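Just so you know, all these numbers are worked out from the coordinates, no wet-lab data involved. On a predicted model such as this, the values are computed, not experimentally measured, just so you know. Here Cβ is always computed from backbone atoms with ideal geometry, including for glycine, and neighbour counts include all displayed protein chains.
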Amino acid sequence: MLNSHIDKATGFEKRFENIGTTVYENSAIASKSVAREIADLIKKKQAQKQPCILGLATGSSPKGLYAELVRLHKEEGVSFNNVITFNLDEYYPMQADSINSYVRFMNEQLFNYIDILPENCHVPDGTLTKERISDYCSQYEAKIEALGGIDLQILGIGGNGHIGFNESGSLQNSKTRLVALDHITRVAASGDFSGLSNTPRTAITLGVKKIMEVKRVILMAWGEGKSNIIKASVEGTVTNLVPASFLQEHNNATFVLDQGAASKLTRINTPWLVEKITWTDSLTRKAVLGLALNLKKPILMLTDADYIENGMSDLLADSGPAYDINITIFNKLQHTITGWPGGKPNADDTNRPERAEPAKKRVLIFSPHPDDDIISMGGTFKRLHEQGHEVHIGYQTSGNIAVADDEALRFASFVCDYNDKFGIENKEADSIYKNAATFLKNKKNSEIDSPEVRYIKGLIRKGEARSTCHYVGIPDEQIHFMNLPFYETGTIEKKPIGEEDIQITMDLIEKIKPHQIYAAGDLADPHGTHKVCLDAIFEGVKRLKPKKLMNDCWVWLYRGAWQEWGIDEIEMAVPMGPDQVLEKRKGIFKHQSQKDGVVFQGADSREFWQRAEDRNKETADLYDQLGLSHYAAMEAFVRWKY
Ligand code: F6R
């Protein structure tokens, strides 16, 4: 059901949407607004002398909400003494005190810091015998019913559209039950469990039926990574393949989104299909390229009729005929292609993405993990070096948590055996490696690595990064390991960006005085390492801006290993021939610890070199389809104008 046709926050029309959506500038603001609604409900219930029944979720999405509720309790005196909570789900089997249990999650994120009564907090019990689960689930539902049902339910959404652990295929009348987890869900959780093989296969979840019965539903989603499933849930047909789409049939459900998660909604992605818009250059480019790709026509073959039949007749009326618009967009796109990412010396650079001067540039490539440079811009990296620029690489984090235990054990044992064999006495090194080997041999599931093990894992990745640089031809003095402290927690959960991270980043920029900075602009995951690494660069560059060294420094953003820029956003596309694709592949192969079953693979089972090749080929194919040159592959960049 539509709550209203106009989004209060953005003023946009939302004709295509079948669920109320509110889009906020970022997840922090959105979480505060949800927390406010919950606090108001709690207070209203208090005034009525009634309990407030909340349905709660775990995962990364509600963390900001819980932090804000804690703040409201501590700073504004909101009391939770009339609140009764029911969590959606729990892994099965799961001990309550395990580091991955949802009981522990809820205690650590919320319950420990507010005045809720412990007996009022319900999380499905992961310790039962299988035979008891069915009765237990009926009792869980009966308890909710006895209290008059859930007043307000918080939901996240899985990449496959699951709500709770109601995976694709769940029925709309499904009950609270034991379910098998989808592969995608397990892969998403595998980071917390140190690999897929340790990740539970089953869970207990509240059924869809009970979720549909709650009085008010708020589903929260952040980041571009969720944008496709949000569009499918909000604008697609109601289907049990996307359980969140059932919420279209709930009469009081709202999706609370940040801009990334909302980015594929029709009103945001293609607003000209929804209402009259002002045609800016960037919207025109996006619409024309989208039109050509949809119709599978080269840009220069688009006709007036194509524009008119596809909701773009006002653009035609303003700037047409089609021929003129086509030529403008075609030229713009053509000017993004360059084999000279550092600028072409002695050439007219009016229509080139980079300046011709200075002919020899100092270049600083920031790589969040030790392999992002070669994966995301290996072809450009090599070209910059070959074209005579002084290329420096700043490896921002050690990347140590992505090394498998057996790999670290192999290296530790190698050193121990070597030293034993040749009677080499180095007490300090011996104890590091021996302690690490002992730790690894006895390591329990999900245990945080000891500092020695982390050190060895970091060394492995450092060696691989160095090896890639040598392969490209970069000398040691141009390789910089920054080891940003925010990363060094030993878990996938990182610390927030700190002053020291920014300072280390600024120091490197000041030391190198680059004409070009390349940074990973992958914003798909708002909590990920890449985002923090980018924030450190953005903040560092802003602070350095008044200094002379920044007068002639351009910042280019590549995307991380996961996603590419939209074709309409690309400002520089560096082409590669088939041989260059193979050279890049060899450069990626230097990262042996990241091959054959990476620890944090994500939902995509392709290896990194395959993803990189597919992605670079896709970009080249898009240029080809649009009627430009046909290359084997292309790496894409967007300029950040600070
Ligand atoms: C958690 C739950 C799940 C998550 C969903 C999104 O209790 O039921 O449905 O809400 O998997 O997880 P995040 O928020 O980590 O992206």
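Between Thr303 and Thr491, what FRET efficiency follows from the Cβ-Cβ distance if R0 is 35 Å, with the result rounded to 0.05?
0.05
How much length is gained if the chain between Glu75 and Glu386 is pulled fully straight, taking 0.36 nm per residue apart and subtracting their Cα-Cα distance, in nm to one decimal?
106.1 nm
Full extension from Lys276 to Glu425: what is 0.36 nm times the residue separation minus their Cα-Cα distance, to one decimal in nm? Please report the intermediate quantities before stating the final value.
Working: separation 149, 0.36 × 149 = 53.64 nm, distance 7.71 nm.
Fully extending the segment from Lys276 to Glu425 adds 45.9 nm.
Please give the FRET efficiency for Val238 paired with Lys49, using the beta carbon to beta carbon distance and R0 = 41 Å, rounded to the nearest 0.05.
The computed FRET efficiency comes out at 0.60.
Can you pick out the pairs among Lys462/Lys584; Lys264/Lys286; Lys344/Lys382; Lys296/Lys641; Lys231/Lys495 whose Cα atoms lie more than 21 Å from each other?
The answer is Lys296/Lys641; Lys231/Lys495.
As a test, work out the antiparallel percent of DSSP beta bridges whose residues both lie in the chain, rounded to the nearest 5. Show your work: numbers first, answer last.
Numbers: 18 of 59 bridges.
Of all bridge pairs located within the chain, approximately 30 percent are antiparallel.
Of the options Thr199, Leu293, Leu117, report the single residue whose Cα projects farthest towards the positive end of the charge dipole of the chain (beta-carbon charges: Lys, Arg +1; Asp, Glu -1).
Leu117
Label points 7 Å out from Cα along the Cβ direction at Gln563 and Asp579: separation in nm?
3.6 nm
Taking region 407-464, which GluC sites (Glu not before Pro) meet the DSSP loop condition and have no more than 10 other C-beta atoms within 10 Å? List each step's numbers first, then the result.
Working: sites: Glu407, Glu425, Glu428, Glu447, Glu452, Glu464; in loops: Glu425, Glu447.
For GluC sites (Glu not before Pro) across region 407-464 that sit outside H, G, I, E and B with at most 10 neighbouring Cβ atoms in 10 Å, the list reads Glu425.
Between Ala356 and Gln503, what FRET efficiency follows from the Cβ-Cβ distance if R0 is 35 Å, with the result rounded to 0.05?
E(calc), rounded to 0.05, equals 0.55.
Counting only the backbone N, which residues of region 625-642 are under 16 Å from the spot 7 Å out from the Cα of Gln334 toward its beta-carbon?
Only 625-631 pass the distance filter.
Expressed in nm to one decimal, what extension gain is obtained for the pair Asn442 and Tyr418 from 0.36 nm per residue of sequence separation less their Cα-Cα distance?
6.4 nm
Just grab the label-to-label distance for Lys209 and Tyr642, each label 7 Å out from Cα along the Cβ direction, in nm (one decimal).
Between Lys209 and Tyr642, the label points sit 5.8 nm apart.
For a distance above 37 Å, tell me the whole-number percent of Cα pairs in the chain that qualify. It would help to have the intermediate numbers written out before the result.
Working: 90386 of 205761 pairs.
Considering the chain, 44 percent of its Cα-Cα pairs are separated by more than 37 Å.
List every DSSP H helix in the chain whose Cα atoms extend 27 Å or more along the helix's own long axis and whose mean Kyte-Doolittle hydropathy is at least -1.0.
Membrane-span-like by this rule: 27-47, 451-472.
Can you spot the aspartates and glutamates whose alpha carbon is less than 14 Å from Lys175's alpha carbon? Ignore those fewer than 8 places along the same chain.
Asp89, Asp135, Glu141, Glu145, Glu167, Glu213
Beyond 12 Å, what share of the Cα-Cα pairs of region 280-334 remains, rounded to the nearest whole percent?
59 percent
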